[in-house]
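The values are calculated or read from the model by the stated rules, or taken from the named source; none is laboratory data. The structure presented is a predicted model; accordingly, all values stated were derived computationally and were not measured. Don't worry about glycine lacking a Cβ; one is built from the backbone with ideal geometry, like all the others, and counts go over all protein chains shown. Just so you know, the surface numbers come from the protein's heavy atoms only, side chains and all, with ligands and any DNA or RNA stripped out. Shrake-Rupley method; radii C 1.70, N 1.55, O 1.52, S 1.80 Å.
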Amino acid sequence: MRVKHKQRVQLQLQKRLVMLQVKIKHATQKMTQKLSFDEAIQYFTQEKSGVLYFGFSSCPWCKEAKPILKKVAKENGIDIQYVKVRDEEKNRLYTDDQKAIIEPYIQDYMSNNDEGVLTLYVPLVLVVKDGKVIDGHEGTLESHDATERKMTNDEKEQLTKIYTKLMSEAK
């Protein structure tokens, strides 16, 4: 009798564990949805609202910023829409036409490159409300060069505060 009861309890615990794992997986997936560049453009052309994160996996700044952004987003219950802008070989994943369409909406958060061309630098986090950028942040911190060193704890704290402000505006 005791063996059957123990087996039932174990089965119930296993079911609960599976349910929790599914919930955690769903919450993690929901926090960072992947968008194509065209879908990102639609946030502006269709007057959508949300938080857009432009980046790519091998970007050293993105590697440091993304975990901080994800943590802050999770703490604030905000979904992040991830727009991958380069592939693993660092080839750009959007066309000049797509850049021309999105540029008027996000140009305040773009910078000129060495040739004076307005460029989308990453990581770029934008808070969009009804198709308009209400706030954003490009890069990590002015004091940080990810090609030279990791962010200090103080810099991580500063970036956390910046992202926390952005998430409060996204609510």
Review point. Residues of the chain: accessible area per residue at 1.4 Å, in Å²?
Key: 64
Review point. Once phi is turned into θ = phi - 60°, what whole-Hz ³J(HN,Hα) does the Karplus curve with 6.51, -1.76 and 1.60 give for every residue of the stretch 138-153, x standing for Gly and Pro?
Key: 9, x, 9, 9, 4, 6, 10, 10, 5, 7, 9, 6, 6, 5, 6, 4
Exercise for review: First measure r as the distance between the Cβ atoms of Q46 and T160, then evaluate 1/(1 + (r/R0)^6) with R0 = 25 Å and state the FRET efficiency to the nearest 0.05.
Suggested key: 0.20
Check your understanding: For the stretch 144-160 and the stretch 87-125, what is the separation of their Cα centres, given in Å?
Key -> 23
Point to revise | Virtual paramagnetic centre 7 Å along Cα→Cβ of D38, amide N under 19 Å, in the stretch 59-91 | key: 82-87
Exercise for review: With a 1.4 Å probe and every protein chain left in place, tell me how much accessible area E39 has, in Å² to the nearest 10.
Suggested key: 80
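Give the peptides 108-118, 89-99, 61-71 in descending order of average Cβ contacts within 10 Å, highest first.
Working: 108-118: 10.5, 89-99: 12.1, 61-71: 19.4.
Listed from highest to lowest mean packing, they are 61-71, 89-99, 108-118.
What percent do you get for the relative contact order of the stretch 84-147 when only Cα pairs under 8 Å and 6+ apart count?
Numbers: 54 pairs, mean separation 12.5, N = 64.
About 20 percent, as a whole number.
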Review point. Relative to the first principal axis of the alpha-carbon coordinates of the chain, what is the inclination of helix 60-76, with its axis defined by its Cα atoms, in degrees from 0 to 90 and to the nearest 10?
Key: 60
Point to revise | Cross-link pairs K99/K156; K48/K70; K99/K161; K6/K70 - those with Cα-Cα distance over 28 Å | key: K99/K156; K99/K161; K6/K70
Practice item. Quick one: which residues, 5+ away or cross-chain, put their amide H under 5 Å from the amide H of Y82? H built at 1.01 Å from N. Key: Q33, K34, L35, Y53
Exercise for review: State, to one decimal in nm, how far the label point of Q12 lies from the label point of S58, with both points 7 Å from Cα in the Cβ direction.
Suggested key: 5.2
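Of the accessible area of the chain, with the probe set at 1.4 angstrom, what percent is carbon plus sulfur? Working shown, then result.
Working: 5560 of 10980 Å².
C and S atoms contribute 51 percent here.
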